[in-house]
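Undergrad: Right, I'll just put the structure down here and ask away after.
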Amino acid sequence: MGLTSLEKIIALQRNPANIRNLCILAHVDHGKTTLADCLVASNGIISSRLAGKLRYLDSRQDEQIRGITMKSSAISLHYRHGDQEYLLNLIDSPGHVDFSSEVSTAVRLCDGAIVVVDAVEGVCPQTQAVLRQAWLENIRPVLVINKIDRLIMELKLTSQEAYTHLQKILEQVNAVTGTLFTSKVLEERAEKEKEEEKDSEMSSGKQVYDWSAGLEEADDSHLYFSPDQGNVVFASAIDGWGFSIQQFAHIYSQRMGIKAEVLLKTLWGDFYLNAKAKKIMRGAQAKGKKQLFVQLVLDNIWSLYDAVVTRRDKEKVEKVVTSLGLKVMARDSRHSDPKVLLSAICSQWLPVSQAVLSMVCEKLPSPLDMTAERVEKLMSVGARQFDSLPKQTQELKRAFLQCSSGAVAPAIIFVSKMFAVDTKALPQNRQRPLTQEEIAQRRELARQRHADRMTAEQTATESCTSQEGQLTGHSTGKMESLTLRDSKPEEEEEHKETFIAFARVYSGVVKKGQRVFVLGPKYDPTQGLSMLPEGCSASDCVPEVPHLSCCSMESLYLLMGRELEELEEVPAGNILGIGGLEDCVLKSATLSTSPACSPFTPLNFEATPIVRVAIEPKHPSEMPKLVRGMRLLNQADPCAEVLIQETGEHVLVTAGEVHLQRCLDDLRDRFAKIEISASKPIIPFRETVVRPPKVDMVNEDLGKQQKVAIIHQVKEEASQGRSSDTLLVDPSGLVTLTTPNRLATVSVRAIPLPQEVTHLMESSTELIRTLEHLNMSLREGKSLDVSLRTLEAIAGLKAQLESLLQGRKWRNAVERIWSFGPRRYGPNILLNSVEGYQRPSVWQCLASGDKAGEAGAQAAVIRDFDNSIASGFQLATLSGPMCEEPLMGVCFSVERWDIQSSALPQHQDSLEEDSISHETLADSVVERSTEPSEQAEGTAAGPSQASRRPEAASVDCYGPVSGQLIAAMKEACRHAFQAQPQRLMAAMYTCEIMATAEVLGRVYGVLGKREGRVLHEEMKEGTDMFIIKAVLPVAESFGFAEEIRKRTSGLASPQLVFSHWEVISSDPYWVPTTEEEYLHFGEKADSANQALKYMNAVRRRKGLYVEEKIVEHAEKQRTLSKNK
């Protein structure tokens, strides 16, 4: 097929029934970009000889050097299938785990996906991840089993063995799909059961128990990949061939006279051909016969490889070529590399593009086939359910499903990412080819200029004195400097980056220059519709609405891989690039002409950014350029985060080492264009407390005496830092602290939380954040419309916490939760154990009845300064005492909170602070749990005092008392933390390594050296590859992939994904105390303490005091001659 014109593509865009939006997903190095090359070559954009070598969609230089894709890029292809013409918007996505965010951006815009699996490696970790991403976005996948040539050339399998191997791969892929399907059915079943339970409670009667899981009735036949269903293609993209069973069924139905339908059902499976009876029969394996697939398909391919590549049998090759009716060029048949001849034969006999594209056209849905379920999932953002959205918003569902390009249809566009393009590459700035007249004109001008120069030189030589020469030289020098100075800003302008939005039109027609609403992720259509006038459009003067802005789409582009083509309008169902949105869209956004549209659900990112580096310019004067560059990088990368820490450092957070390297290169060469220096990666840690250990470092039982000694030691250390009359540490670990003005006293105890509770709170951060938001609005007296699903999720969280916090120590603990922290949603808990203080529960939004009325009644119960205690706790959990890192899995129980009742109004002036003696204060300290006594005092204080009280109370939350209480609470928490056995928690990666048996030992060596721990290893069936699953601290992971590749000569490559936080078992403050420990570890305890090493490294980075000896081993003799 020749090159398709732009007009043809524009015409095809108007027919959504024949549009296919698809992406190519796979594990790294499974052949996505090579396959994309073959598909691009079918449109004549690149030569078919270069397909697989050019990697056309890898347009970045570092992608070509590393040989991996780093960003998703789109191209529009035209394909004629039968009598229909199709437009295929193809997106090639990365397979490396560091760039899985790019996969999310691609998947959101598509309706279908081609999942590529390597025939040798089979299903890999990232294959499972991409299948899960496709499942979450409700898009239909088809399968391409690639690199089948490796089974012939590398593994040297026979066609029979290859058939068994391919069957196993199909089973593996289907097992992943089956797991996803099962979990979905079981979730739906659980929801259904809940509803049935409610119904049965309402209607009294006998309950019928149904034991089935619901999997029996659910139909999942359409989900699985099977060649006879037509959703599997077997291919070798590098050799340019690929086929589906349909092609061979068609070939053999003509040759053998068997119906194509029969062959379709029997070509894959346990069927064989009975030559005598001329029948296809079942039971090939039992009878030891060749399966039809082996006999009719694989044997032919194997014999072709044998003739062309292995034996180079020219006669047989000629025979094959003539029997297939192909034309092979003489230069191909004479070429020294047999692969050239092979791809020349295969690309004509079984072109991979034809097999894949016809499968895409038949099996993948068009934009018109979008399911209602997917639309509802896209539109119900956050806690809102689709049914609870306003009526106008629900009506937009019809516009989605119709995918209409009518004049009345509202335009709905989703931008999944912003990508930077050099301004020179834009179509309007591209050099257009010159016409004949222009060429003649330019030639004439050049001739004229040359003639003028020649005459000028002649006159100069004739009448030239040395003085004149100097003068003219001086003036031309001036002229040159002037022209240089003038051209500089132009050059800078030319090198500017322009941002283009990678988007899809879901409804309506998008026109160039059209104005639309930009809906932020927190935009609420109910609020928007109530604030905006009826029938308001984006071009009108719009009142201020939260999370809603307007912008115009200055230019529209057709994405053609490395190039862009300008368009005037784009109808629904197409993928496009939009220019002019850089000021109003950061990374992703929903655009619509209707304010009733709700923002789409945020993208599901598989990888969490964990690798942090601090960045600074080499020359401090270039700081503004760096700041601008980082802002641009933040916009251009869907996963990277840019922060400015409290220390003033500019921090870049990325998903892994390769991602970090790409971001730094982009900053240097594209966005900031300055020399930068990046710090060593900043490793995150967490601090926690554990239960007191039963045994010491040499596994001896700890006696009671030693425990007491340690607590006394902590108490002494604490009292040295602070005056002992304000701080008191109980032997049981209870810390009592009085504020400096002696007006308030708090007693706090730190308790380690069970590990399951910490995991639960970490996985429910979004829910806890929602809960906090609800409580804030209830405290302010607002009523929020919350979906039932959110309330159920909160109730579920509460029930889970109750089931996990069992025992005498945790009695009623869930009801007494005061706050979560840090930042009000972290994995630490503040418990209210103050006797007689009944504050409103954090679960108050679950209470039924008149919520607003109840909230008003409960608000009175909250004591003054309640917020100060919570704020102190938030500060303490944000930076712990060990190395100022956030805490994790710690519960602080406030067991006593006394405050002097006169503190509130009178201490606004804080004049009598010094005159009041300690004794009188001690007498007047009142348990603040009784509210009436306060009020009595207020009335007794006299009219002037009573009149001043309300305004004093309003200012009081910022007065000196509250500030001192926050500081006291923070210090009390820190001391309570130190009174317990402290430990560091390290971030851990799960590491999956595929390696051959001969390099297994080296892989284990590298893992052992870097504190890694192997969880399990298994051998991949049918190959000599082992899959090793291990955990590795993030702190030890830098340079890990490179070291493994070096040590194993490139035979093993790891995939690192952030997994969890793990307590480092060693105590960073440990010193030998018992006789056995002295004997075992020596007086200095010289063996390296891993936790102490990490802790000191963090303290050193933050500029905190590090306790270390400056001179080590001072008693050792030193010979001076060595230092000469």
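Undergrad: Modelling each spin label as a point 7 Å along the Cα-to-Cβ direction, I'd like the Ser253/Met281 distance in nm, to one decimal.
TA: So the two model labels end up 2.5 nm from each other.
Undergrad: Please work out how much length the chain gains when fully extended from Val627 to Thr461, using 0.36 nm per residue of separation minus the C-alpha to C-alpha distance, in nm with one decimal. Let's see the in-between values first.
TA: Working: separation 166, 0.36 × 166 = 59.76 nm, distance 5.49 nm.
Full-extension gain reported as 54.3 nm.
Undergrad: Given R₀ = 30 Å, FRET efficiency for Ile644-Asn138 by Cβ-Cβ distance, to 0.05? If you can, show how the numbers build up before the last one.
TA: On the way: r = 38 Å, r/R0 = 1.28.
Computed FRET efficiency for Ile644 and Asn138 comes out at 0.20.
Undergrad: Also, I was wondering about something else. Which FRET efficiency value, to the nearest 0.05, is calculated for Glu802 and Arg443 with the Förster distance at 60 angstrom and r the Cβ-Cβ distance?
TA: Values: r = 88 Å, r/R0 = 1.47.
Efficiency, rounded to the nearest 0.05: 0.10.
Undergrad: In terms of the Cα gyration tensor, with a ≥ b ≥ c the square roots of its eigenvalues, is region 108-159 rounded because a/c is under 1.5, prolate because a/b exceeds b/c, or oblate? Don't skip to the answer; put the middle values down first.
TA: Details: a/c = 4.30, a/b = 2.58, b/c = 1.67.
Verdict is prolate for region 108-159.
Undergrad: Quantify, in whole percent, the carbon and sulfur part of the accessible surface of region 226-269 (1.4 Å probe; protein heavy atoms only). Intermediate values should be presented prior to the final figure.
TA: Working: 950 of 1710 Å².
In region 226-269, the share of accessible area belonging to carbon and sulfur is 56 percent.
Undergrad: Averaged per residue, what accessible surface does region 1-70 expose to a 1.4 Å probe, in Å²?
TA: On the way: 2730 Å² over 70 residues.
Result: 39 Å² per residue.
Undergrad: Highest mean first, how do 794-800, 185-191 rank when packing is the count of other Cβ atoms within 10 Å averaged over residues?
TA: Working: 794-800: 15.9, 185-191: 13.1.
The packing order, highest mean first, is 794-800, 185-191.
Undergrad: Which entries of Lys363/Lys1020; Lys194/Lys377; Lys289/Lys363; Lys363/Lys522 have Cα-Cα distances beyond 26 Å here?
TA: Working: Lys363/Lys1020 31 Å; Lys194/Lys377 21 Å; Lys289/Lys363 32 Å; Lys363/Lys522 36 Å.
Too far apart for the 26 Å limit: Lys363/Lys1020; Lys289/Lys363; Lys363/Lys522.
Undergrad: Something else now. Pull out the extension gain between Arg453 and Glu772, defined as 0.36 nm times the separation in residues minus the alpha carbon to alpha carbon distance; nm, one decimal.
TA: On the way: separation 319, 0.36 × 319 = 114.84 nm, distance 7.93 nm.
Length gained, Arg453 through Glu772: 106.9 nm.
Undergrad: Within region 882-897, which residues have the backbone N less than 15 Å from the label spot 7 Å out from Leu1104 along Cα→beta-carbon, could you tell me?
TA: Hits in region 882-897 for Leu1104 at 15 Å: 882-888.
Undergrad: Counting only protein chains, not ligands or nucleic acids, how are Phe419, Phe243 ordered by accessible area (probe 1.4 Å), most first? Let's see the in-between values first.
TA: Working: Phe419 50, Phe243 0 Å².
The ranking, largest first, comes out as Phe419, Phe243.
Undergrad: Starting from the Cα of Asp299, step 7 Å toward the Cβ, then list every residue of region 258-279 with an amide N under 13 Å from that point.
TA: Residues 272-276 qualify, since their backbone N sits under 13 Å from the label point.
Undergrad: Can you give the FRET efficiency to the nearest 0.05 for Thr526 and Arg1013, using r as the Cβ-Cβ distance and R₀ = 56 Å?
TA: According to the calculation, E is roughly 0.65.
Undergrad: Continuing with the same structure: Express in whole angstrom the spacing between the alpha-carbon centres of region 80-112 and region 1027-1104.
TA: Taking the Cα centre of each part, region 80-112 and region 1027-1104 sit 41 Å apart.
Undergrad: How many nm is it between the label spots at Glu193 and Asn429, if each spot is 7 Å from the Cα in line with the beta carbon?
TA: About 6.1 nm, to one decimal.
Undergrad: Picking from Leu788, Leu760, Asn832, whose Cα lies most toward the positive end of the charge dipole for region 751-840 (charges on Cβ: Lys, Arg +1; Asp, Glu -1)?
TA: Result: Asn832, furthest along the dipole toward the positive end.
Undergrad: Kindly provide the GluC sites (Glu not before Pro) of region 739-780 that DSSP labels as loop, not H, G, I, E or B, and whose Cβ sees at most 13 other Cβ atoms within 10 Å.
TA: Values: sites: Glu756, Glu762, Glu766, Glu772, Glu780; in loops: Glu780.
Qualifying residues, ordered by number: Glu780.
The values are calculated or read from the model by the stated rules, or taken from the named source; none is laboratory data. All of these numbers come straight from a predicted model, not from anything done at the bench. Glycine gets a Cβ as well: all are built from the backbone with ideal geometry, and neighbour counts include every protein chain shown. Note: accessible area is taken over every heavy atom of the protein model, side chains too, but ligands, DNA and RNA are not part of it. Shrake-Rupley method; radii C 1.70, N 1.55, O 1.52, S 1.80 Å.
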